[in-house]
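The values are calculated or read from the model by the stated rules, or taken from the named source; none is laboratory data. Note that the structure is a prediction, hence the values are computed from the model and not measured. A quick note on method: Cβ atoms are made from the backbone with ideal geometry, for glycine too, and the neighbour counts reach across all protein chains shown.
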């Protein structure tokens, strides 16, 4: 058994094929090496998945995972992680969502759930204070995420339970289907929802009344709470988040000339003022937050008049604003909010949805596809009605939507005609809302992140936007910056903190103090970085074992060959070869992107040397 605070010490393994449910001990060696959360989940996937299995086949596994800080009073520690092999990228997919599900899983007595096999018919899992069962879900199949959650709560006669579920997109195995909790909390990107759908798993519901034991005395823990709360209350970033969330950055990125517009053809969006933070704030009804978080960075918006009157949804953040707005040249706030709502109800990732539709629109612009390919749809830039029609078609795999439901990389392979040049993706994952020509560090992160083009895997953009000492356009030092932030992100995802904790004032020293107080471990700031680096290299092992290498650390040729056409970043391109050379050197990887044997040994990953050096 685990002798640390913060953990229950138990994992729940559920086989949907055999219907076998059993408890397993969380291994203490995993805690020492990987901490929890993302690190432990990646360890399990690397050890238990055979290389090159079908992500949508029964051999794949999906893991719901918490960290040692989940369910404690330390602010911003409510997130749940969901890990699997992605059907979009064939890499490890570890996504995170806020809300209440994570603490409820911990309170039910488990650090995580490992789900394997495939149910014969639709089911959902119900975990109630340490008792788990598989329940029939035929009546839920075909329902959207909001309906599913309400029906499960009604069936179980408790509105307070946590429900993480899929919508029609997950059922139809859209490769970028999401998992939704409490309507507004999304575990998006890379198709975790599709994996649930492939297993006929409609939802996981949890309720817990247990508490989380901590190593330190109560006064010490509350002292830490007061310390970070004081720091956060004085932090201007927190003040901005309370009002606008991440939408606060859309106008700034547009002003700096690297807001992706028309599928990254341009970096300045003329309609930005119609869908920026102030435009959203004008429609604000009320703020809301994740469990135990004092920031309240989320808001409910409502349209009260016009053709979209009656739309009520959570405020789109920066990424959704770009993907369903500027990237499509769409400035109608009503159409953007409806698109956001549809994605949440059907359960599909807004970034991949918007960028994949933008890919199709550019193909239409260049006459690579025509009305005869789209079922009569005219895919013109800025047409909100067409965008929302396509979202439904994608979720239900209807007509041309069946092609787009594969994601831009797979869709380009089907369309052909050199269309892959216009698929803005890395390793199959669509690129987020910062054109890498305007911020070289985030471009390097897109190319090298283990989850594909994922801004959260190495949040360099915070430094490049807000740190006066970091020049967003220079190549100097970006290898070191990307490596360090990627490693920090892995530790943050394993503790689990909110990804914005570092922006809110959480230093490595405070993270160390928090972990030590809760767990009773002695984790120095240096060990925090070591754990993150170990996870980065472990996930690289998974990718290499799947057949990926440095040749896949790429960006679309648009960013290499074409300068931004206008704005403050006009003329900027990305010298990726130089960035990669510096990055590999800092990482102790060879020129092909392989960790050296010495690096793997130093990180205590020597057991995987034979797997990649055959």
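Odds and ends about this structure:
- Checked against the criterion of being touching a residue at least 40 places away in the same chain (Cβ under 8 Å) and over 18 Å from residue 397 (Cα atoms), the candidates 332, 349, 344 yield just one match: 332.
- Among the residues making up segment 328-341, those that are surrounded by fewer than 24 Cβ atoms within 10 Å (Cβ to Cβ) and part of a helix (DSSP H, G or I) are 334, 338, 341.
- Enumeration of residues in segment 401-437 that are without any contact (Cβ under 8 Å) to a residue 12 or more places away in the chain and either crowded, with 23+ Cβ neighbours inside 10 Å or in contact with a helix residue (DSSP H, G or I) (Cβ under 9 Å, 6 or more places away or on another chain) (or both): 401, 402, 413, 414, 420
- Residues in segment 566-593 that are in contact with a strand residue (DSSP E or B) (Cβ under 6 Å, 6 or more places away or on another chain) and more than 22 Å from residue 482 (Cα to Cα): 0 in all.
- Test: residue in segment 25-37 that is touching a strand residue (DSSP E or B) at 6+ places or on another chain (Cβ under 9 Å) and closer than 30 Å to residue 409 by Cβ: yes
The rows are residues; the columns are (1) surrounded by fewer than 24 Cβ atoms within 10 Å (Cβ to Cβ); (2) in contact (Cβ under 8 Å) with a residue 24 or more places away in the chain; (3) under 30 Å from residue 356 (Cβ atoms).
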| residue | (1), (2), (3) |
| --- | --- |
| 10 | yes, yes, no |
| 37 | no, yes, yes |
| 42 | no, yes, yes |
| 45 | yes, yes, yes |
| 49 | yes, yes, yes |
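- Hits in segment 302-319 (condition: in a loop (DSSP other than H, G, I, E, B) and touching a helix residue (DSSP H, G or I) at 6+ places or on another chain (Cβ under 9 Å)): 303, 306, 307, 308, 309, 311, 315, 316, 317
- When 14, 21 are checked against the criterion of being farther than 28 Å from residue 533 by Cβ, touching a residue at least 12 places away in the same chain (Cβ under 8 Å) and buried (at least 19 other Cβ atoms within 10 Å of the Cβ), 14 stands alone in meeting it.
- Per the conditions (1) without any contact (Cβ under 8 Å) to a residue 60 or more places away in the chain; (2) farther than 21 Å from residue 499 by Cβ, the sole criterion not satisfied by residue 442 is (2).
- Selection within segment 373-388 - under 25 Å from the mean Cα position of the chain (by Cα) and surrounded by fewer than 22 Cβ atoms within 10 Å (Cβ to Cβ): 388
- Looking at 285, 355, just one residue is more than 23 Å from residue 501 (Cα to Cα), surrounded by fewer than 20 Cβ atoms within 10 Å (Cβ to Cβ) and either touching a helix residue (DSSP H, G or I) at 6+ places or on another chain (Cβ under 6 Å) or not assigned by TED's automatic domain parsing to the domain that holds residue 499 (or both), and that residue is 285.
- Complete set of residues in segment 105-140 that are free of Cβ contacts under 8 Å to residues at least 24 places away in the same chain and within 21 Å of residue 200 (Cβ to Cβ): 135, 136, 138, 139
- Wholly within segment 552-604, helices (runs of 4 or more DSSP H) carrying at least 1 residues that are over 29 Å from the mean Cα position of the chain (by Cα) and farther than 17 Å from residue 443 by Cβ: 597-602
- Some residue of segment 459-466 being over 28 Å from residue 523 (Cβ atoms) and assigned by TED's automatic domain parsing to the domain that holds residue 578: yes
- Complete set of residues in segment 214-252 that are in a helix (DSSP H, G or I), free of Cβ contacts under 8 Å to residues at least 60 places away in the same chain and within 22 Å of residue 70 (Cβ to Cβ): 218, 219, 223, 226
- Complete set of residues in segment 64-91 that are outside any loop (DSSP other than H, G, I, E, B) and surrounded by fewer than 24 Cβ atoms within 10 Å (Cβ to Cβ): none
- If you check 485, 518, 511, 528 for being part of a helix (DSSP H, G or I), free of Cβ contacts under 8 Å to residues at least 24 places away in the same chain and buried (at least 20 other Cβ atoms within 10 Å of the Cβ), only one passes: 511.
- Flag if residue 215 is farther than 30 Å from residue 557 by Cβ and over 22 Å from the mean Cα position of the chain (by Cα): yes
- Of the numbered criteria (1) in the same structural domain as residue 79 (by TED's automatic domain parsing); (2) over 25 Å from residue 92 (Cα atoms); (3) in contact with a helix residue (DSSP H, G or I) (Cβ under 7 Å, 6 or more places away or on another chain), the one residue 170 fails is (2).
- All positions within segment 255-264 that are crowded, with 20+ Cβ neighbours inside 10 Å and more than 23 Å from the chain's Cα centre (by Cα): 256, 257
- Filter pass, residue 344 being in contact with a strand residue (DSSP E or B) (Cβ under 7 Å, 6 or more places away or on another chain) and closer than 23 Å to residue 168 by Cβ: yes
- Sole residue being at pLDDT below 95 and touching a strand residue (DSSP E or B) at 6+ places or on another chain (Cβ under 9 Å), chosen from 242, 223: 242
- Criterion (within 28 Å of residue 571 (Cβ to Cβ) and either touching a helix residue (DSSP H, G or I) at 6+ places or on another chain (Cβ under 9 Å) or part of a helix (DSSP H, G or I) (or both)) met by exactly one of 450, 474: 474
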